[in-house]
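Student: Submitted below is the structure of interest, expressed as structure tokens.
The values are calculated or read from the model by the stated rules, or taken from the named source; none is laboratory data. Just so it is clear, the structure is predicted and the values come from calculations on it, not from any experiment. Cβ placement follows ideal geometry from the backbone for every residue including glycine, while neighbour counts extend to all protein chains displayed. Each accessible area value is taken on the protein alone, full model and side chains, heavy atoms only, with ligands, DNA and RNA left out. Shrake-Rupley method; radii C 1.70, N 1.55, O 1.52, S 1.80 Å.
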Amino acid sequence: MKRILVVDDDPDILEVFQLALESEHYRVYPLLSPRYIFKTVKEFNPDLIILDIMLNGMDGRAVFKELRSNPETEAIPVIMASARYDESYVSSQQYHPDDYLEKPFDIADMLQKVNLLTEN
């Protein structure tokens, strides 16, 4: 069973991700704050991370940069999600996520992106 770490500071959005992904037989770890993301990654060993850009008190882009800069996490696929920034802005940044979700997102579209990034 593929494991997905979802980081979003909105509990309702976390629940939507979790319900949709679990219905497709993914194991989901919802995380409200990226504060413990590296500890969680080490313990949960995700196959994919879905990371919100606008997090309460933290910038998801900085968290993403840390993930890409760390040899233990650099190879984990990441989907960035945002209601404020569009895909062209995200792709213009120094570090590029593996995919992007604009909120509000279509669940079928999100699942398709997840399926593509978690295939072996």
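Student: Convex hull over the alpha-carbon atoms of the chain: what's its volume per residue in Å³? Kindly include the intermediate steps, with their values, before the conclusion.
Tutor: Working: hull volume 11.5 nm³, N = 120.
Cα-based convex hull of the chain, divided per residue, equals 96 Å³.
Student: How many nm is it between the label spots at N70 and N56, if each spot is 7 Å from the Cα in line with the beta carbon?
Tutor: It works out to 2.1 nm between the two label points.
Student: Per residue, how many Å² of accessible area does the chain show with a 1.4 Å probe? Working shown, then result.
Tutor: Values: 6720 Å² over 120 residues.
Ligands and nucleic acids excluded, the figure is 56 Å² per residue.
Student: Next question. Per-residue counts of other Cβ atoms within 10 Å, averaged by peptide: what ranking do you get for 101-113, 26-38, highest first?
Tutor: Details: 101-113: 14.7, 26-38: 17.5.
Sorting 101-113, 26-38 by mean packing, highest first, produces 26-38, 101-113.
Student: If the chain between L19 and L116 were fully stretched, how many nm would it gain, using 0.36 nm times the residue separation less the Cα-Cα distance?
Tutor: Roughly 33.0 nm would be gained on extension.
Student: Compare the Cα positions of I49, A20, L32 along the charge dipole of region 17-86 (+1 at Cβ of Lys, Arg; -1 at Cβ of Asp, Glu; about the Cα centre) and return the one farthest towards the positive end.
Tutor: Of the listed residues, the answer is L32.
Student: Right, another one. Compute the distance in nm between two label points, each set 7 Å from the Cα along the Cα-to-Cβ direction, one at K42 and one at A108.
Tutor: 4.2
Student: Please report the carbon-and-sulfur percent of the accessible area for the chain; probe 1.4 Å, protein heavy atoms only, DNA, RNA and ligands left out. Don't jump to the answer; show the numbers that get you there.
Tutor: Values: 3200 of 6720 Å².
Using a 1.4 Å probe with all protein chains present, the chain comes out at 48 percent carbon and sulfur.
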